[in-house]
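Structure record follows, encoded as structure tokens.
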Amino acid sequence: MPGSNEQAGSPDDALGAALADTVRGTGASIGGLYLIEEAEPVLRLVALCGLPVAFTAPWQRLPLTAPVPVADAIHDDTLVCVAGQEEMARRYPRAAATLPYPFALAAVPLTGVRRSWGGLVLMWPAGRPRRVTPRERDRITSSARRMARLLDDATRAPSLPELPRVVPVDAARHPAQTGLAAADYLERLPEGALALDLEGRITFATATAARLLGRGADRLLGTRPWQSLPWLDDPVYEDHYRTALISRAPVSFTALRPPDQPLTFQLYPDASGISVRVLHSAEQTEDPPPTGARPPVAAPTGRLYQLVHLAAALTETVTVRDLVALIAHQILPAFGAQGLVLSGVDAGRLKITGYHGYPADVMERLDALSLDTDLTPAGQVLASGTPAFFAHPAELAAGYPRAPRISGKQAWAFLPLTISGRPVGCCILSYAEPHTFTADERAVLTSLSGLIAQALDRARLYDTKHRLVHELQRALLPRALPRLPGLDVAARYLPAGHGTEVGGDFFDVLRLNGTTAAAVIGDVEGHSVAAAALMGQVRTAIHAHATAGAAPGQVLARTNRLLADLDSELLVSCLYAHLDLGRHQASFASAGHVPPLLRQARHPAGVLDVEPGPLLGIDTGAHYPVTTVPLLPGTTLALYTDGLVELPGTDLTRTTTDLAGQLDTADGYDLERLIDRLVRHTTPTGQHTDDIAVLLLRASRLSDGPA
């Protein structure tokens, strides 16, 4: 529903207005707008409706591969709907563990003309019908398209703030009578009345409510009940508020005001806050407010809520870099800390594996300290296995006089990272101001240290394997491509994701004589050491047959027979090109490989129709036909593996045609820039599920060749 709000001066204002319009127009109670942060890449929550920012801490930054609805919506470019708690627990168990409330949800991608910008998340109250109707689906997707157009048309990129911007929905109200008359009405009732805003702060309290709660109204206003009333300082009571706010359903519970006064609290939420009735339990004259079959059952949160979420998040960290980012972006804010130093034990020393909130020169002084150093308590807490907490510099200086002066921080938590008594490392959280560590903070941080220890040990092992795999991969691929007169060459290999298995994609360019060359690209089935070994053998065989003068079809036929002799169970696709730069022609033979793209000067690019033979390793007597085409100066050839075009949820023909179109619009590009363009076009987020190899060839005029 376009409106004047879209004319706001900045992309942030326009997006905020569009989000508010969408929440109102769809009847949602909560809305969130995520944009892709290209550098990571991650999803950043940039705008929020109907929920306190503090609630969103676990979801403010999400990996694009996270198992959550909005990431799936972006990846599959489709609307994702979750009808309720049961479906959430079945499809997204991690998200369900940290959102144990009754609600329905929809997530939709913001797909622009040239790229995916991010995603939109909408949540509805528990009482809403369980399924999205076709009309609602159309409204949600049209709203997402409108936001994508705003992003496409913006003259500057929208900001990605550290904390999401809260956008008011401005829900309509019935005309109110005077505030004094309303207050008089409430004061005459025998029960107490409170009003909470969306942040949980008390904005109104009657005298009866103050009397029942045992605290003056002036001391209640502006506070949260579980903070100003010690007997309500329990995660269970706080979570009743969370349940009411997220589900938008009435909630009732009873709490004991010391010494022996049970009070019943009835919470009635809407888009602006929560109205609360406070009664003596004996005065309750009606059943708790209905929400269908029964009131929502609150799940314990508070610090426990944080621990459940962080534990789930830690299980998904893969690399040490992932772990450092998780601690910096989720654990530090959860405990109000500003600094992090994560060290791993290495040959009796603490090697810093990651940090946040410190200058590099400070880290240089602290790196590789001996475990028995007296500079920091890190070695001592590892030896004892007991965390150490220092609320202000004087406490730390008493035992370690030089430590406070090194960093300038004012409070510290030193957490030993041990597994079955084996020291793994040390995690230090630090604060810019003095900080008193409460009992529950100490308990949660102590529990968290064990989880961080396991995550660090697992991540270091992964990084070691990953490094070995990529060293092996580089060793099996050509270190450099030959320089050939009349031919420009560029290549790129991109391994899939974080995997610790070696891919089987390969490429090569061979100089045969002064005017001829061979180019080859292929893909061995699977990701394993066996696939990598076979890839090396295939490359060697092709090199030997090509340099011996075999024709393109013979090169593949002889290599095919080699695979039969090796008795390998793996199959290989391969495209071999013989390039005659003097005669200006190229001859191709294919073993089931994706066809190359060809663009001749001043002609549109297209898929080259190369007649394929069977994959290598299927039939020892296979014949491989040869296709010959002109190779005039200015002609560009793109050879690639299927990881570049076979993308989940996309049509292969359309993807390949779009890729050819990129060659048409890249006049004047050097080959390295052209590879960047091709890869970014098919994988704009940088995420790909298969290895990608690309080999670009461009014929130029030989200095002594014909015009």
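The values are calculated or read from the model by the stated rules, or taken from the named source; none is laboratory data. Since the model is a prediction, treat every value here as computed from it, not as a measurement. Neighbour counts run over all protein chains shown; Cβ positions are idealised from the backbone, glycine included. What goes into the accessible areas is simple: the full protein's heavy atoms, side chains included, and nothing from ligands, DNA or RNA. Shrake-Rupley method; radii C 1.70, N 1.55, O 1.52, S 1.80 Å.
A few points about this structure:
- The distance separating the Cα centre of the range 239-280 from that of the range 585-622 comes to 70 Å.
- Once the Cα-Cα distance is subtracted from the 0.36 nm per residue extended length, the residue 364 to residue 54 segment shows a gain of 108.1 nm.
- The fraction of accessible area contributed by carbon and sulfur in the range 411-553 is 55 percent, rounded to a whole number (1.4 Å probe; ligands and nucleic acids excluded).
- Each peptide in 356-367, 412-423 receives the mean, over its residues, of other Cβ atoms within 10 Å, and ordering these scores from highest gives 412-423, 356-367.
- The label-point distance for residue 91 and residue 261, in a model that sets each label 7 Å from Cα toward Cβ, rounds to 4.8 nm.
- Using alpha-carbon coordinates, inclination of helix 552-566 to the longest axis of the chain, degrees: 70
- Kirkwood-Stokes translational diffusion coefficient of the range 307-416, alpha-carbon pairs, 10 °C, 1.306 mPa s, µm²/s: 108
- Its Cα centre serving as origin, the chain has a Cβ charge dipole (Lys and Arg +1, Asp and Glu -1) of approximately 500 debye.
- Two numbers describe the Cα atoms of the range 81-151: Rg and Dmax, which are 13.5, 39 Å.
- Per-selection Kirkwood Rh - the range 539-669 (Cα, Å, 1 d.p.): 15.9
- Placing R0 at 60 angstrom, the Cβ-Cβ distance between residue 347 and residue 548 gives a FRET efficiency of 0.75 after rounding to 0.05.
- Multiplying the residue separation of residue 76 and residue 215 by 0.36 nm and removing their Cα-Cα distance gives an extension gain of 44.7 nm.
- Using 0.36 nm per residue and subtracting the Cα-Cα separation, the extra length available between residue 137 and residue 700 on full extension is 197.3 nm.
- Ordering 193-199, 453-459, 511-517 by mean Cβ neighbour count within 10 Å, with the highest value first, yields 453-459, 193-199, 511-517.
- Rg/Rh ratio calculated on Cα atoms of the range 607-652 (Kirkwood radius): 1.05
- Placing a label point 7 Å from the Cα of residue 540 along the Cα-to-Cβ direction, the residues of the range 560-575 with a backbone N closer than 20 Å are 560-574.
- Every helix of 4 or more DSSP H residues in the chain counts as -39500 (n - 2.57), and over all residues that averages to -10000 deg cm²/dmol at 222 nm.
- Label selected from [x] 60, 26, 21; [y] 59, 33, 21; [z] 49, 31, 23, the criterion being semi-axes √(5λ) of the Cα gyration tensor in Å as computed here: [y]
- Degrees between helix 11-26 axis and first principal axis of the chain (Cα, 0 to 90, nearest 10): 70
- Isotropic mean projected area of the C-alpha convex hull, the range 9-150 (nm²): 8.2
- Solvent-free Debye scattering, log10 I(q)/I(0), computed from the Cα coordinates of the range 317-372 at q = 0.27, 0.28, 0.30, 0.31 Å⁻¹: -1.08, -1.10, -1.14, -1.16
- Across all directions, the average projected area of the convex hull around the alpha carbons of the range 594-670 is 6.6 nm².
- Where Rh is the Kirkwood radius over Cα pairs, Rg/Rh for the range 452-566: 1.08
- Convex hull per residue volume in Å³, alpha carbons only, for the range 158-279: 139
- When the Cα positions of 36, 603, 591 are compared along the charge dipole of the chain, 36 comes out farthest toward the positive end, with charges on each C-beta of Lys, Arg, Asp and Glu.
- When peptides 267-280, 634-647 are ranked by their average number of other Cβ atoms within 10 Å per residue, the highest-first order is 634-647, 267-280.
- R0 of 25 Å, Cβ-Cβ distance residue 585-residue 607: FRET efficiency to nearest 0.05: 0.85
- Distance in nm between pseudo-label sites at residue 654 and residue 528 (7 Å out along the Cβ direction from Cα): 3.5
- Compactness index (Cα Rg / 2.2 N^0.38 Å), the range 415-492: 2.01
- Whole-number D in µm² s⁻¹ for the range 222-276, Kirkwood Cα-pair radius fed into Stokes-Einstein, 37 °C, 0.692 mPa s: 281
- Tensor-based shape of the range 378-447 (alpha-carbon gyration tensor, a/c under 1.5 rounded, otherwise prolate or oblate): oblate
- Calculated on alpha-carbon atoms, Rg and Dmax of the range 529-609 in Å: 14.7, 47
- Rounded, prolate or oblate (a/c below 1.5 giving rounded, otherwise prolate when a/b exceeds b/c) for the range 26-66 by Cα gyration tensor: prolate
- Folded to 0 to 90 degrees: helix 529-547 orientation relative to the chain principal axis, Cα: 30
- Taking label points 7 Å from Cα along the Cα-to-Cβ direction, residue 183 and residue 383 give a separation of 6.4 nm.
- Accessible area (Å², per residue) of the range 553-707, counting only protein heavy atoms and a probe of 1.4 Å: 46
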